[in-house]
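A short worksheet on the structure shown next.
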Amino acid sequence: MIRFFAALLLFAAWSQIAQAQTLFSDDFQDGDTGNWKGNAGKGDIRLTRYKKNISMRLQHDAYAIIILPTKNYKDIFLSVDFAAENLKSKDYCILETSIGGDKWTEIGRVSDGQDDAISLHNIFGKAPKAVGLEFLAVRLRISAGKDNASCWADNVRVSGRIGAGSLARDIPLSILNGAPPLSAPYAAQAFARPADASAAHQGFQGRLRLAAPQTADGFVILKDDFGYEKATGKLKFLPGFAIDFVSDGDAIIPVQRGPQKGSHPDWEWIFEPGQIWSEAGDDGWNRASLPIALQERNANCIHNGLMSFAFKYGEISDVVVQIGSETCAYLQFDMWSKLEVGYEPEISANAEKVTAAYQAEIARRLPRKPVNMLAGTDISQIGSPAEITPGNMTAFAFAAGGQVYAGECNTRHGLYPYCASMVLPSYSMAKSIAASIGLMRLEKLYPGARSAHIADYVPECSAKNWGDVTFEQALDMTTGNYTSKVYDADESSPKTWKFMSEETHAGKIKQACNVHARRSEPGREFVYHTTDTYILGTAMQAYLRQKTGNPKADVYDDILRPIWREQGLSPLLDKTRRTYDAVAQPFIGWGLTLQADDLVRIAHFLRGGGKIAGVAWLDEDLLKSALQQNADDRGLRAISDSLRYRAGFWAYNAGPFLGCKGDMWIPNMSGFGGLATVLMPNGHVYFYVSDGHEYAWRRAAKAANQLKSFCEMK
């Protein structure tokens, strides 16, 4: 290895990198240290092989550095996998950065206790960025007191992106009609209908088909906590699709809505309605643009994007797609590509039905205005950056007086032009929307359902552990079956992640029923388990089949979907995540896909007593308990004295924060990563969808209280 000299000017001739991309990656498999510069110090630096893998080993106090050009980049993300051996209490493997080679900023470290010499520990972080920075030094270092202390570095990655303001703001027709692969994404504005656009020359109908997965032109990992990219190797491959479209005026509407199953190991497409128009100078071609998303297979992560293409009397251009935002706490990336697709210009037999349904869907949406038009309160408290980091926020809105006041949907490529139609995940908000509403509906139809016992309907759950556990106790997560009462210890355990990754019902229910032992009597201890909700969904389905005599009755399609249809919610809610087998068991506790309007209107439905057109659809007693309307039934303590969990809903005592004279319990639906839908006691609704593990909405409650005081409501 060559000794490092911190002279950044030696690299001034390096070319600038135009757009977001992987600036540097090295897995050392070529057996070459490349441009790494090192200092062995008292130790040693060398490439070593373990089985077929090659990595860089650092010992004692050695370090290795590489310098990368970073001019014009807004964000720089760094990642490395470290394995370690013989570390003592003050020994470390460290990833660092520097803008001058003298002052170093630590990104992360591996320490004693993580040094079995085999396990790889990922260190990931964002580099501090100085204005005008042209180069960034990256250093891998071991700090240890003995020669035999070792750190192995592997899978080094540095990626970056420039601000959306530097991206092209329109997509030339020449790009759509046969130009080379894309070298960069476009600004989100490029997918919006221009102000001076005209009506399309003709409508669009037919099927777009991507026959097989295609590698994206550009793919930049920004965060990958679980090493998905290395594990699957397929993240950058866009799955095939076959989607029918119809148009209605300036709207282009996919016939198939919601996640589209396929053979891709990682992704499922979602296509939502967009717009068509024409532009001067396009020689008779029309433009089409629509919101799209990739949803993680067997999970709930949503990666939002946009699609654009041109069409002209039976001809179609290439399709431009890109991903620039997500609601996913553990996997984040930018992706862009131009795809050659097939076009079958056939008229859909369901065209009139699809267009009529879409017209009705749009007509039923609540009126929507920018959040800054909400008067009478401090709007800075709604979607406050003091509670949710702006870079983690996907969408937020406040509903009052039949009006939705929405924040903008910011992406890494600019403002999302289809914010009202942006696809959102539920994660564990589904425990309120599906599991809780589902049991309330089941109890309304068949009184006594809430008191039925799990083991009577789920044979995989033993009578010993589940024979005395009721459906309601499973909804409350007070089954008495747990491993640890420490909050999130069970939920974050490897066994739970194994349960989540299972794709068959047999695999999921076996693990869910047996993952924890009986520790206490049911109803006495709250311990949060997604496995409990999955068991409940399985039991509810068996109960429904017994009561109806229909062996194919489905707890989602037959109990919940009619409620969504009666309210006219978006077709996204016609589906939920299910197991990938013939059973197709609905998850119930996570896995819904919806829009902002859906969240607000479901909250209004609950606040309105579960009634539609004056008819009660839900059990009144269970609903009141869930919404904290029964002072004698708050639910058990959950995490802290100020939190409760009852019937699938969280509740927070906002009384002290608001300065109330007594308690003020506010119910809310919460989801993994940072999702919340809050049902204010005065009828207001606040929701946000984010992915930075931030759970905070007290400021929005304060803003709601200023608008219409509920502090002393009982």
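The values are calculated or read from the model by the stated rules, or taken from the named source; none is laboratory data. Remember, predicted model here, so these are calculated numbers, not experimental data. Note that we place each Cβ from the backbone using ideal geometry, even for glycine, and neighbour counts take in every protein chain shown. Note: areas computed on protein heavy atoms with side chains; ligands, DNA, RNA excluded. Shrake-Rupley method; radii C 1.70, N 1.55, O 1.52, S 1.80 Å.
Listing for the model above:
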quantity	calculated
Checking residue 459 against (1) surrounded by fewer than 19 Cβ atoms within 10 Å (Cβ to Cβ); (2) in a helix (DSSP H, G or I), the condition it does not meet	(2)
Residue count, region 487-512 (criterion: closer than 26 Å to residue 637 by Cβ and part of a helix (DSSP H, G or I))	4
Matching residues in region 225-258 - criterion: being of a type in the set (D, E, K, R), within 18 Å of residue 359 (Cα to Cα) and either in a loop (DSSP other than H, G, I, E, B) or under 22 Å from the mean Cα position of the chain (by Cα) (or both)	250, 257
Among the residues listed as 269, 277, 285, the single one being among the aromatic types (Phe, Trp, Tyr) and closer than 30 Å to residue 228 by Cα	269
Counted residues, region 402-437 - those being open to solvent by 10 Å² or more (accessible area, probe 1.4 Å), hydroxyl-bearing (Ser, Thr, Tyr) and either touching a residue at least 40 places away in the same chain (Cβ under 8 Å) or on the phi > 0 side of the Ramachandran plot (or both)	6
Test set (1) assigned to a loop (DSSP other than H, G, I, E, B); (2) at pLDDT 95 or above; (3) in contact with a Leu (Cβ under 6 Å, 6 or more places away or on another chain) - residue 681 fails condition number	(3)
Every pair of residues 6+ apart whose Cβ atoms lie under 8 Å, when the first sits in region 658-683 and is within 20 Å of residue 632 (Cβ to Cβ) while the second is of a type in the set (A, V, I, L, M, F, W, C) and open to solvent by 20 Å² or more (accessible area, probe 1.4 Å)	664/658; 664/713; 667/650; 681/713
Selection status of residue 304, touching an Asp or Glu at 6+ places or on another chain (Cβ under 7 Å) and within 30 Å of residue 588 (Cβ to Cβ)	yes
Matching residues in region 513-556 - criterion: being outside any loop (DSSP other than H, G, I, E, B), open to solvent by less than 60 Å² (accessible area, probe 1.4 Å) and either of a type in the set (Val, Ile, Thr) or closer than 20 Å to residue 486 by Cβ (or both)	530, 531, 532, 533, 535, 538, 555
Residue 601 being under 28 Å from residue 409 (Cβ atoms), open to solvent by 10 Å² or more (accessible area, probe 1.4 Å) and modelled with pLDDT of 95 or more	yes
Search result, residues across region 329-365 that are open to solvent by 40 Å² or more (accessible area, probe 1.4 Å) and aliphatic (A, V, I, L, M)	347, 349, 356, 357, 362, 363
Given (1) within 23 Å of residue 583 (Cβ to Cβ); (2) open to solvent by 20 Å² or more (accessible area, probe 1.4 Å), index of the condition residue 451 fails	(1)
Residue within region 479-488 that is open to solvent by 50 Å² or more (accessible area, probe 1.4 Å) and within 25 Å of the chain's Cα centre (by Cα) present	yes
Number of positions in region 39-93 that are in contact with an Asp or Glu (Cβ under 7 Å, 6 or more places away or on another chain), crowded, with 17+ Cβ neighbours inside 10 Å, in a strand (DSSP E or B) and at pLDDT 95 or above	3
Qualifying residue in region 316-325 (condition: open to solvent by 40 Å² or more (accessible area, probe 1.4 Å), of a type in the set (A, V, I, L, M) and either more than 27 Å from residue 244 (Cβ to Cβ) or touching a Leu at 6+ places or on another chain (Cβ under 7 Å) (or both))	no
Filter result for residue 366 (more than 23 Å from the chain's Cα centre (by Cα), closer than 21 Å to residue 675 by Cβ and aliphatic (A, V, I, L, M))	yes
Residue 371 being under 25 Å from the mean Cα position of the chain (by Cα), farther than 26 Å from residue 213 by Cβ, surrounded by fewer than 19 Cβ atoms within 10 Å (Cβ to Cβ) and β-branched (Val, Ile, Thr)	yes
Neighbours by Cβ (under 7 Å, 6+ apart or cross-chain): first from region 271-289, open to solvent by 10 Å² or more (accessible area, probe 1.4 Å); second in a strand (DSSP E or B) and among the charged types (D, E, K, R)	279/287; 284/312; 285/312
Unique match (being more than 21 Å from residue 580 (Cα to Cα) and either small (Gly, Ala, Ser) or touching a Lys or Arg at 6+ places or on another chain (Cβ under 9 Å) (or both)) among 293, 251, 299	251
Residues of region 215-234 that turn out to be surrounded by 18 or more Cβ atoms within 10 Å (Cβ to Cβ) and more than 14 Å from residue 330 (Cα to Cα), as a count	5
Qualifying residue in region 161-176 (condition: within 15 Å of residue 322 (Cα to Cα), part of a loop (DSSP other than H, G, I, E, B) and touching a residue at least 40 places away in the same chain (Cβ under 8 Å))	yes
